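What follows is a single structure, written as structure tokens, with notes after it.
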Amino acid sequence: MPKVQFIDPGVARKSGEIKFKPIPVNQYSKSIQEEKNNFSNDDLIRIYHDMVVIREFETMLNLIKTTGEYSGVPYDHPGPAHLSIGQEASAVGMAYTLTVEDFIFGSHRSHGEILAKGLSSIQKLDDVDLMKIMETFFDGTILKIVQKDFKGSVKDLGRRFLIYGTLAEIFARETGFNKGLGGSMHAFFTPFGVYPNNAIVGGSGDIAVGAALYKKVNRKKGVVVANIGDASMACGPVWEGISFATMDQFTQLWDDGMKGGLPVIFNVMNNQYGMGGQTAGETMGYGMAARIGAGVNPDQMHAERVDGYNPLAVIDAYKRKLKIIADKKGPVLLEVLTYRFSGHSPSDASSYRSKEEVEAWQNQDCIHTYAKNLVEAGVTDQLKLDGIWQEIKALMVDLLKVSIDDVVSPRMDIRKRPEQIGEMIFSNTPTETMEERPVEVNHAMAENARVIQLAKKERFAYDAEGKPFSKMKQYQLRDGIFEAIIDRFYKDPTLIAYGEENRDWGGAFAVYRGLTEALPYHRLFNSPISEASIVGTSIGYAMCGGRVIPEIMYCDFLGRCGDEVFNQLPKWQAMSGNVLKMPVVLRVSVGSKYGAQHSQDWTSLVAHIPGLKVVFPVTPYDAKGLMNSALQGTDPVVFFESQRVYDIGEQFHAGGVPEGYYEIPIGEPDVKRAGKDVTILTIGATLYRALDAAKILEEKYGLSAEVIDARSLVPFNYELVIESVKKTGRILISGDATSRGSFLNDLARNITELAFDYLDAPPVVVGSRNWITPAYELEEAFFPQAGWFLDAIHEKIVPLAGYVAGENFTDMEQIRRAKLGI
Amino acid sequence: MSKNYDLAIIGGGPAGYVAAERAGHKGLKVVLIEKGELGGVCLNEGCIPTKTLLYSAKLYDNAIGAEKYGVQAREVTFDFGKMMARKEKVVKKLVGGVGLKMKEHHVEVRRKEAYIKGRSAAGISITAGEEEILAANLLICTGSEAFVPPIPGLGSPNETILTNREILQLKELPSSLVVIGGGVIGMEFASFFNSLGTKVTIVEMLDEILTGMDSEMSVMMRQMYAKKGITFHLSAKVVEVNGTEVIFEKEGKKESVTGDKILVSVGRKPVTKGFGLENLGVELDRGGIKVDERMKTNVPNVFAAGDVTGFSLLAHTASREGEVVVNNLTGRNDRMRYNAIPGVVYTNPEFSGVGLTEEKAKEQNIAYKCVKLPMAYVGRFIAENEGGSGVCKVLVGEKYGEVLGVHMLGNPSSEMIYGACMAIEMEMTLKEMEEVVFPHPTVSEIFKETIFGF
Ligand SMILES: Cc1cc2nc3c(=O)[nH]c(=O)nc-3n(C[C@H](O)[C@H](O)[C@H](O)COP(=O)(O)OP(=O)(O)OC[C@H]3O[C@@H](n4cnc5c(N)ncnc54)[C@H](O)[C@@H]3O)c2cc1C
Ligand SMILES: Cc1ncc(C[n+]2csc(CCOP(=O)(O)OP(=O)(O)O)c2C)c(N)n1
Ligand SMILES: [Mg+2]
């Protein structure tokens, strides 16, 4: 797209071949003796220690799950436990070199990674900082528990803190790292650089890239490691994350200071199995996961397979790979070969692998082999190592007892505070800017061509006589969105926006026209056609503390980022126990003219998912005010826009759209036309057809309709609607979504319950047909039209004298259609 | 030139003409299209002519039995021709009356065959003969016609084989009559001809006559008529008709019976063909037009009432359904209810019922209590029914004592049953009924006596 890049046919059409470099496989071969210059004896023993912590931690969980006790302490844990017994060297090797500023993301099988990275960070933090972290986290709640009767060093206290916080989280205790709302598969602790683990296979594949984007854009130290499984390499979001992370623009188009690859390492923990599917040989074709790097970019992602059975081999690889990242040559793909002895979960009977195979890998057990090598190299003796193991075991028994003590480690008392979880769904913290520092922009806002042009526009659609100004003169809905967004770009230095065709093109539907000139590349750029990564990276970006506006060109493409929108974006605030915030405003445009896959209103799908705020403004005033509110908040907002009305002027707000900043609170519907005989509540651009209907009702049938624009779906304040129904006794609820299962029905149900005594007829839903959206020329048969409101009133509420209905709203037709599923 | 109406009605039977009258009264611009005579089946070949004839028969019965009351009427005879002529007169008078009512309520009547052409944004277009009519709403009341089942030898009506229509036009009294179907229509005609001395045989496929009515009373009724000389063949399936011979299968054996005339009264079928219903896409259900509680069809602005819906098949149901349509059209929310529709068999004695029968209550698992009293419990009945017997049965809900059903065998139950209809419609309980004062001495007191039997 960028004009600066000339695509020369002469070059593009030249014959030649793509050359690949060999990808290294298990090339590390040093003995401990040879490494003695690089590691102190303490370091080498600490590596052993950390591996044993993981082994014992996981063994404890395994015994609890399979025998109901550990070292004579009985406990029942009904929740999940995906253990990594056998994989300890890969986790410790991965974490060893990382600093506190380096972040890791993980999977369902990440207890080992949490502990390894936690132990590594504890080791690197000085005692004062470590204490501060422990003292401030949840007001020192966890610290108080692990400090009781403990007299050891700050670092040992830190280790107790780490193991306890993780264990209590796994057991769903309120004293866990995430108040027990994350659990085994999601536990994390950001002060140690441990970011969310993900129960959706491959879920971290794009989120981690967003974290790396945050580091790069905001000039933060550190790298990001995405710990993902070998089987997750088949997942779309992982591919999309890789595509996003390797975009040429990082090295070719971004400004000089910003130039360079993303600081992210895709760390494939290759235990050679999915659940029961064997990746190499059965479910994948890559042979070795590192091969994938060869196809992605000319650097081949610096891909390499290392022996994850040897912690020193992994550490060696990390030292080299971190250098690549530091040289801005990322991203990196590292395949860490390992093996899990434990089942996928404790209920796994390992029917998919032979006993001989497991035994063969157990014979080379990473911990025992490493211990043997340490003793052979004279670093320590077996007695000492056994002593370490015994100490760790004692520590586990001690912390297990504390973590299952219902008095010390209670679960959330939902009876006492029934809304405790509810209160965590949204953070609701108005925040002007996510970070105090100067914003990076290309010119002063007043110099922006679009801003200058907007100053000349009519901010109300009609002149003093009530005649509409020409479309060209009118300040349009797209201008309202633009004004709110550019304003925030000049306030919040962390704010970035991206999506398909966002830069140069001006964004789909010209909302971003003028932004390209105002903003450097790293604040506004074009993404790959990769909706999963557009949303997924935004989630990672926001988790780290940045504000972001991802854009999905058409609502219909939401399916392409289903997991990101349904499982990730809405959940992390609550799953973190409110540690994380999610200031993401996801712009979604609802189409109308391009048929079945470009015209769907999927607001209902999104409204169904707890944890998302959902708005759908259709006037310039509402669009600007709601965008301001969305951008001022720290919650994920799915911001729906309608392609039917991008060019519409302001017809309602007296005085037009204010030039300055104002907010419209999310969740407040608005009366767009007052009336007394019937209420029409609409979602989205259906508003304008409802207003047409209101006019006909008034003129032809003497019925005065009150038209209310929902503006928001989640949250939603029913009070205004109920007041209206008290007056009118009748209500129609309409939107462009296909009727079955739509949010319109939700509104109808609530209104029925809340205003039953005031209703003369049941609320009537006027939605689209349960069909595919036909061609534009046939849309009148599909989307609610002005006439449909009269049809529905006539048929279901009150007969209109002499009225002949168009669309069929008879009960019998309703039943017939339902029977046929159409 | 087409003309605009608020409401067009096809069919001038009890559904159509009553709806027209009510709609006209409420100020709607109405056109009623009837291809035959106003009044429909009911006035012309159903309720009214049969009741007129049955009254003649009853007078004859009474005259013969007058001695029991100390009245002597010697050489009692009858003139079949005069009976039929009086019936014609009554029908004419009533049909004329309907016409006057239409005028009075500004209903435009077209005595033409209607045909539905289709539906557009402008309205529903119909033709009445040559005339084009455009109406905002359409009410279909095309009624029903006698159903002649596909049995070998049973083609369309002829000299011997008759339906209600032909039998009402007989010139001479048949000496014997075979009635196929022992339902209400069959029993009424059987009763009439039996009174006049015709040898009547009833062939019924089910194991009892008048199914749907209280079964205990149906048995009593059958036994009374058996005494009067009617022959009943129950569980008898007609397999062939051969001239005057009706061949039926009973308990696996073939039997036959012959009659001068054969009346086919096995049921009626809704009239849904031949007038363009398909041009609207109106949905049918078991042969009738499918409607909801407000008599709306599946097509906006199109309604149906009366026999054409295919279930109740009673004139008073038809009229009430027509009224429901008009109420809803004129802004009154009205739903059709079928739980208090009375059914009367105008035999001698009359047999009337409303609401749930015991059979239905059991079938629907409704907990009920039931009390039954002989009619002879009240003075007036004894005074007027020498040697006659009858019975009254009341069903109430077990928990609340609300009246669920009332069934009476005996004269003049047809005139009394409406009291029970009101009780059910108003959801009255035993307690409330006990406080109602009945005139004394009347046969209606049997209702009150039965109530006090709980
Ligand atoms: C022998 C007999 C005895 C009965 N006795 C009783 C009784 O005692 N009590 C009782 O409640 N019920 C009785 N009924 C039933 C009662 O007659 C019907 O329930 C009632 O007539 C139904 O009324 P309707 O308006 O639905 O239809 P109908 O009365 O059948 O009227 C339909 C009308 O529509 C007209 N029509 C049809 N198609 C067209 C067209 N295309 N264009 C114009 N006009 C058209 C027909 O000509 C007809 O006049 C009896 C029926 C029979 C046959
Ligand atoms: C999207 C998704 N699909 C399937 C699963 C079920 N599942 C959990 S773990 C797992 C295997 C993952 O294998 P890999 O990525 O190699 O990680 P490992 O379990 O070996 O650590 C599967 C299929 C899931 N959690 N998420
Ligand atoms: Mg695996």
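For the stretch A:336-403, give me every one of the helices (runs of 4 or more DSSP H) that falls completely inside it and has 2 or more residues that are among the acidic types (Asp, Glu).
Of the helices (runs of 4 or more DSSP H) lying wholly inside the stretch A:336-403, those with at least 2 residues that are among the acidic types (Asp, Glu) span A:355-363, A:382-403.
Restricting attention to helices (runs of 4 or more DSSP H) lying wholly within the stretch A:189-301, give those where 1 or more residues are among the aliphatic types (A, V, I, L, M) and either within 16 Å of ligand 3 (Cβ to nearest atom) or touching a residue at least 24 places away in the same chain (Cβ under 8 Å) (or both).
A:204-217, A:236-245, A:292-296
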Which ranges mark the strands (runs of 3 or more DSSP E) fully within the stretch B:173-281 that have 2 or more residues being in contact with a strand residue (DSSP E or B) (Cβ under 8 Å, 6 or more places away or on another chain), more than 21 Å from B:Asp307 (Cβ to Cβ) and modelled with pLDDT of 95 or more?
-> B:176-180, B:199-203, B:231-233, B:236-242, B:245-250, B:253-258, B:261-264
Residue match in the stretch A:318-330 (condition: away from chain B (no Cβ under 14 Å), within 16 Å of ligand 3 (Cβ to nearest atom) and open to solvent by 50 Å² or more (accessible area, probe 1.4 Å)) | no
Here is a list of conditions, (1) assigned to a helix (DSSP H, G or I); (2) under 19 Å from B:Asn137 (Cβ atoms), and B:Leu32 meets all of them except one; can you say which number that is?
-> (1)
Regarding B:Gly65, is this residue farther than 29 Å from B:Ala146 by Cα and not acidic (Asp, Glu)?
-> yes
Sole residue being open to solvent by 30 Å² or more (accessible area, probe 1.4 Å) and within 26 Å of the chain's Cα centre (by Cα), chosen from B:Lys227, B:Lys296, B:Lys253 = B:Lys227
Which of the residues belonging to the stretch B:437-454 are open to solvent by 50 Å² or more (accessible area, probe 1.4 Å) and more than 10 Å from B:Leu373 (Cβ to Cβ)?
-> B:Val437, B:Pro439, B:His440, B:Pro441, B:Phe454
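May I ask you to say which residue of A:Asn567, A:Asn578 is open to solvent by 10 Å² or more (accessible area, probe 1.4 Å) and not in a loop (DSSP other than H, G, I, E, B)?
The unique qualifying residue is A:Asn567.
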Those residues that are within 13 Å of another protein chain (Cβ to nearest Cβ) and closer than 15 Å to A:Thr738 by Cα, I need them from the stretch A:779-794; list them, please.
-> A:Glu780, A:Gln785, A:Trp788
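For every residue, the table says whether it meets (1) within 16 Å of ligand 2 (Cβ to nearest atom); (2) in contact (Cβ under 8 Å) with a residue 40 or more places away in the chain; (3) crowded, with 16+ Cβ neighbours inside 10 Å.
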| site | (1), (2), (3) |
| --- | --- |
| B:Gly39 | no, yes, yes |
| B:Asn44 | no, yes, yes |
| B:Ile48 | no, yes, yes |
| B:Ser56 | no, no, yes |
| B:Asp61 | no, yes, yes |
| B:Glu67 | no, no, no |
| B:Arg74 | no, no, no |
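Can you tell me how many residues in the stretch B:294-334 are outside any helix (DSSP H, G or I), away from chain A (no Cβ under 14 Å) and not aliphatic (A, V, I, L, M)?
Total meeting the criteria: 3.
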For the stretch A:657-675, name all the residues that are open to solvent by 50 Å² or more (accessible area, probe 1.4 Å) and basic (Lys, Arg).
-> A:Arg673
Would you mind stating whether B:Ala367 is crowded, with 19+ Cβ neighbours inside 10 Å, more than 22 Å from B:Gly65 (Cα to Cα) and without any contact (Cβ under 8 Å) to a residue 60 or more places away in the chain?
-> no
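Residues are listed down the side, and each one gets a yes or a no for (1) within 17 Å of A:Met275 (Cα to Cα); (2) within 24 Å of the chain's Cα centre (by Cα):
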residue: A:His77; (1), (2): no, no
residue: A:Ala81; (1), (2): yes, yes
residue: A:Glu88; (1), (2): no, no
residue: A:Gly93; (1), (2): no, no
residue: A:Val100; (1), (2): no, yes
residue: A:Ile122; (1), (2): no, no
Condition met for B:Asn339 (closer than 26 Å to B:Glu113 by Cβ and either more than 14 Å from chain A (Cβ to nearest Cβ) or open to solvent by less than 40 Å² (accessible area, probe 1.4 Å) (or both)) | no
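For the structure I just gave you, tell me whether B:Leu138 is modelled with pLDDT of 95 or more and more than 14 Å from chain A (Cβ to nearest Cβ). Explain how you work it out, then say what you get.
Values: modelled with pLDDT of 95 or more: yes; more than 14 Å from chain A (Cβ to nearest Cβ): no.
Against the criterion (modelled with pLDDT of 95 or more and more than 14 Å from chain A (Cβ to nearest Cβ)), B:Leu138 does not qualify.
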Residue match in the stretch A:765-778 (condition: facing another protein chain (nearest Cβ under 10 Å), of a type outside the set (A, V, I, L, M), surrounded by fewer than 23 Cβ atoms within 10 Å (Cβ to Cβ) and in contact with a helix residue (DSSP H, G or I) (Cβ under 9 Å, 6 or more places away or on another chain)) = no
Of all residues making up the stretch A:442-467, the number that are assigned to a loop (DSSP other than H, G, I, E, B), closer than 22 Å to A:Phe652 by Cβ and open to solvent by less than 50 Å² (accessible area, probe 1.4 Å) | 5
Among the residues of the stretch B:109-130, which ones are away from chain A (no Cβ under 13 Å) and surrounded by fewer than 15 Cβ atoms within 10 Å (Cβ to Cβ)?
-> B:Gly129, B:Glu130
Out of curiosity, is B:Asn164 in contact with a helix residue (DSSP H, G or I) (Cβ under 9 Å, 6 or more places away or on another chain) and either surrounded by 17 or more Cβ atoms within 10 Å (Cβ to Cβ) or hydroxyl-bearing (Ser, Thr, Tyr) (or both)?
-> yes
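This table checks each residue for (1) in contact with a Gly (Cβ under 9 Å, 6 or more places away or on another chain); (2) away from ligand 2 (no atom under 16 Å from the Cβ).
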residue	(1), (2)
A:Leu162	yes, yes
A:Ser184	yes, no
A:Ala208	yes, no
A:Gln249	no, yes
Consider A:Leu44 carefully, then state whether it is more than 37 Å from the chain's Cα centre (by Cα) and buried (at least 22 other Cβ atoms within 10 Å of the Cβ).
-> yes
Selection from the stretch A:83-101 of residues that are away from ligand 3 (no atom under 16 Å from the Cβ), open to solvent by less than 10 Å² (accessible area, probe 1.4 Å) and touching a residue at least 60 places away in the same chain (Cβ under 8 Å) | A:Val92, A:Gly93, A:Leu98
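Scan the stretch B:272-279 and tell me whether some residue there is free of Cβ contacts under 8 Å to residues at least 60 places away in the same chain and open to solvent by 60 Å² or more (accessible area, probe 1.4 Å).
The first filter runs over the stretch B:272-279 and keeps only residues free of Cβ contacts under 8 Å to residues at least 60 places away in the same chain, leaving B:273-274, B:278.
Then drop every residue that is not open to solvent by 60 Å² or more (accessible area, probe 1.4 Å), which leaves B:273, B:278.
Within the stretch B:272-279, one or more residues are free of Cβ contacts under 8 Å to residues at least 60 places away in the same chain and open to solvent by 60 Å² or more (accessible area, probe 1.4 Å).
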Looking at A:Ile797, is it within 19 Å of A:Thr738 (Cβ to Cβ) and either more than 8 Å from chain B (Cβ to nearest Cβ) or surrounded by 20 or more Cβ atoms within 10 Å (Cβ to Cβ) (or both)?
-> no
Filtering the stretch B:89-108 down to residues that are surrounded by fewer than 15 Cβ atoms within 10 Å (Cβ to Cβ) and under 18 Å from B:Glu45 (Cβ atoms) yields B:Lys89, B:Lys92, B:Lys93, B:Gly96, B:Gly97
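The values are calculated or read from the model by the stated rules, or taken from the named source; none is laboratory data. Keep in mind that this is a model prediction, so the values were computed, not measured. For neighbour counting, all protein chains shown are included, and Cβ atoms are generated from backbone atoms with ideal geometry for every residue, glycine included. Calculation scope for accessible area: heavy atoms of the full protein, side chains included, ligands and nucleic acids excluded. Shrake-Rupley method; radii C 1.70, N 1.55, O 1.52, S 1.80 Å.
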